[in-house]
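Visitor: Below is the structure I would like to discuss, written out as structure tokens.
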Amino acid sequence: MDTDDLIAHARARFDHVAAKRVLKEKYEARMLFALAGGMWRAGPELLTVLSTCPDQHAVLLDLYETPVRVNVRELELAAQQRWQEQMNAWLVEHEESRKQR
């Protein structure tokens, strides 16, 4: 392998890592949503907290650490829907970028 091939391989690898990082940042930003006067990030952490709440209503800290009284089931449904939509879209884009590599 000559130097030009090594450089091309290294650039392709770097471009793939950079594209993966950009894709992650893009979809992490799309996980944010507002509900019940608070700002939330859909994800495993929020879904876990919500699934352990025994009552219909609870006071939780939002992204800005503001206490917000929420309907637990409504927030759980919104977070689950947002999470699944964005994860499915992320997977599709990730698979497309892998094919291009």
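The numbers here are math on the coordinates, done by the rules we state, and not lab data. It should be emphasised that the depicted structure is a prediction, and the values quoted were computed from it without experimental measurement. All Cβ positions, even for glycine, are placed from backbone atoms using ideal geometry, and neighbour counts span all protein chains on display.
Visitor: How much length, in nm to one decimal, is gained on full extension between Glu74 and Glu25, taken as 0.36 nm per residue of separation minus their Cα-Cα distance?
Guide: In short, 15.0 nm is gained.
Visitor: Could you give the nm distance between label points at Asp55 and Met87, where each point is 7 Å from its Cα heading toward the beta carbon?
Guide: Placing both labels 7 Å along Cα→Cβ, they lie 2.9 nm apart.
Visitor: If the cut-off is a Cα-Cα distance under 17 Å, which aspartates and glutamates reach Lys20, setting aside same-chain residues fewer than 8 apart in sequence?
Guide: Those aspartates and glutamates meeting the cut-off are Glu28, Glu93, Glu95, Glu96.
Visitor: Another one. Among (i) 1.36; (ii) 1.31; (iii) 1.22, find the value of Rg/Rh (Cα atoms, Kirkwood Rh) that was calculated from the structure presented, and write down its label.
Guide: (iii)
Visitor: Could you list Tyr64, Tyr27 so that the one with the fewest beta carbons within 10 Å of its beta carbon is first and the one with the most is last? Could you put the intermediate results ahead of the total?
Guide: Details: Tyr64 8, Tyr27 16.
Arranged by neighbour count, lowest to highest, Tyr64, Tyr27 become Tyr64, Tyr27.
Visitor: For the chain, find the longest principal axis of its Cα atoms and tell me its angle to the long axis of helix 3-29, 0 to 90°, nearest 10.
Guide: The angle comes out at about 10 degrees.
Visitor: Taking neighbour Cβ counts within 10 Å as the exposure measure, how do Val70, Val59, Val49 sort from fewest upward? Display every interim value, and only then the final one.
Guide: On the way: Val70 23, Val59 8, Val49 16.
So the ranking, lowest neighbour count to highest, is Val59, Val49, Val70.
Visitor: At 222 nm, what value in deg cm²/dmol follows for the chain if DSSP H runs of at least 4 each add -39500 (n - 2.57) and the sum is divided by all its residues, to the nearest 500? Could the numbers behind the result be given before it?
Guide: Values: 3 runs with 65 residues, N = 101.
So the calculated ellipticity at 222 nm is -22500 deg cm²/dmol.
Visitor: Putting +1 on Lys and Arg Cβ atoms and -1 on Asp and Glu Cβ atoms, find which of Leu35, Gln81, Asn71 reaches farthest to the positive end of the dipole of region 3-100.
Guide: Among Leu35, Gln81, Asn71, the one farthest towards the positive end of the dipole of region 3-100 is Gln81.
Visitor: Taking the Cα centre of region 16-101 as origin, work out the dipole magnitude from +1 charges on Lys and Arg Cβ and -1 charges on Asp and Glu Cβ, in debye rounded to 20.
Guide: On the way: 12 positive and 12 negative charges, 93 e Å.
So the dipole magnitude of region 16-101 works out to roughly 440 debye.
Visitor: Along region 49-66, what does the Karplus equation 6.51 cos²θ - 1.76 cosθ + 1.60 (θ = phi - 60°) give for ³J(HN,Hα), rounded to whole Hz, x for Gly and Pro?
Guide: 3J(HN,Hα) across region 49-66, in whole Hz: 4, 5, 6, 9, 6, x, 9, 5, 10, 8, 9, 10, 8, 7, 4, 8, 6, 9.
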